[in-house]
1. Are there any pairs, at least 6 apart or on different chains, whose C-beta atoms fall under 9 Å, with the first in the range 149-173 and modelled with pLDDT under 95 and the second surrounded by 15 or more Cβ atoms within 10 Å (Cβ to Cβ), and if so, which?
2. Here is a check on your reading of the model: is TRP222 within 15 Å of the chain's Cα centre (by Cα) and buried (at least 16 other Cβ atoms within 10 Å of the Cβ)?
3. Mind counting the residues in the range 248-288 that are at pLDDT 95 or above, among the aliphatic types (A, V, I, L, M) and over 30 Å from LEU170 (Cα atoms)?
4. What number of residues within the range 34-50 satisfy the criterion of being out of contact with any helix residue (DSSP H, G or I) (no Cβ under 8 Å at 6 or more places or on another chain), within 26 Å of ARG301 (Cα to Cα) and surrounded by fewer than 19 Cβ atoms within 10 Å (Cβ to Cβ)?
5. Out of all the residues in the range 278-307, which are β-branched (Val, Ile, Thr) and in a loop (DSSP other than H, G, I, E, B)?
6. Scanning the range 61-77 for residues that are of a type outside the set (A, V, I, L, M) and surrounded by 23 or more Cβ atoms within 10 Å (Cβ to Cβ), which turns out farthest from LEU133 (Cα to Cα)?
7. With respect to GLU150, determine if the residue is among the charged types (D, E, K, R) and crowded, with 18+ Cβ neighbours inside 10 Å.
8. Which of the residues that make up the range 45-64 are in a strand (DSSP E or B), of a type outside the set (Phe, Trp, Tyr) and either without any contact (Cβ under 8 Å) to a residue 12 or more places away in the chain or more than 14 Å from LEU294 (Cα to Cα) (or both)?
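The values are calculated or read from the model by the stated rules, or taken from the named source; none is laboratory data. Being a predicted model, the structure only gives us computed values, none of them experimental. Every residue, glycine as well, gets a Cβ built from its backbone with ideal geometry; the counts of neighbours run over all protein chains shown.
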Amino acid sequence: MRFEGIHHVTAITGNAPGNVDFYARVLGLRLVKKTVNQDDPTVYHLFYADERGSAGSDITFFEYPGARPGRAGAGMVNRVVWRVASEEALDFWEERLRGEEVAVSRVDGRLTFSDPEGLGLELAVVETADEPLVADSPEITAELALQGFEGVRAYTSDPEKSRAFLEGALEFESRGERDFEARGERRGSFYAYDRTDEPGTPGAGTVHHVAWSSTPEEHETWRQRVIEGGRSPTSVIDRFYFKSIYFREPSGVLFEIATLGPGFTTDEPLEHLGERLSLPPDFEHLREQVEPALTPLPNPRASWAKR
């Protein structure tokens with residue numbers, strides 16, 4: 001068994017309107033699902049991805065309005081890395097981000113920067129046979145667009161602490177002293193460590209968890225693998241758009257294993273993803289209470305016709 005790379009990455013924001021503006025307008029991702037945190041339905045769960053809402057392109061955010069800024073430390077993901085196709089794409093992104101007054105650093109085919117709340121991001125030129133996962137944008141051509149996740153970097157106090165678990169229970173392949181890859185038949189993603197002894201502080205601009213892609217048929221077997229590897233996963237939780245289990249890998253990073261499907265078109269047609277508040281059936285009875293309490297958000301694509 002092998003994971004089909006990263007399924008999604010979930011982070012925290014204290015400012016949903018600013019979050020939509022940055023990820024949908026500036027980075028050109030599609031807001032594919034506007035729903036609620038199923039563990040706390042008083043707050044948003046926003047999903048940005050490619051045009052189809054594909055696993056492997058999906059960065060999501062819980063909104064806690066006014067949340068204090070956090071800081072990544074040991075046991076937390078510190079950087080999310082997307083693929084781009086070429087140095088010309090990096091040229092475009094460097095100019096675009098600087099035009100938005102985002103500080104950038106460019107070295108050896110990589111462009112690093114942070115989102116407005118301090119979340120570490122990177123664009124990397126990558127040659128791969130994996131399908132590019134691209135969203136439509138009126139300002140960004142497909143050749144220049146983000147193409148899905150390349151991987152994530154995490155902080156740890158001991159890079160060797162998790163090796164046996166990652167390689168044994170989860171079937172990651174070592175790609176160096178601190179680098180691993182999860183690659184299935186169609187996609188792959190890296191998971192790499194940076195060493196630090198500094199503790200982190202959860203909050204706005206930090207990653208909550210990283211999810212890895214499993215076929216539905218293998219999901220229960222992965223849960224058993226995690227148990228045999230000495231970790232304590234949750235039971236399988238039905239998130240309506242996919243099923244999930246959660247656990248912490250030995251370095252402390254919160255992992256999720258999420259199924260490839262049913263997907264975001266379960267309750268919305270593809271052409272209208274993300275336009276309205278979607279509530280899974282178990283939460284629909286809360287709509288009249290929840291919807292008025294959530295931060296009003298624009299449809300990022302409402303102005304496209306005017307452009």
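1. PRO159/ARG178; PRO159/TYR193; PRO159/SER251
2. no
3. Residues flagged as at pLDDT 95 or above, among the aliphatic types (A, V, I, L, M) and over 30 Å from LEU170 (Cα atoms) within the range 248-288 amount to 4.
4. Counting residues in the range 34-50 that are out of contact with any helix residue (DSSP H, G or I) (no Cβ under 8 Å at 6 or more places or on another chain), within 26 Å of ARG301 (Cα to Cα) and surrounded by fewer than 19 Cβ atoms within 10 Å (Cβ to Cβ) gives 1.
5. THR295
6. Per the criteria, the residue is GLU63.
7. Judged against the criteria, GLU150 is a match.
8. If the condition is that a residue be in a strand (DSSP E or B), of a type outside the set (Phe, Trp, Tyr) and either without any contact (Cβ under 8 Å) to a residue 12 or more places away in the chain or more than 14 Å from LEU294 (Cα to Cα) (or both), then ALA49, ASP58, ILE59, THR60 are the ones that fit.
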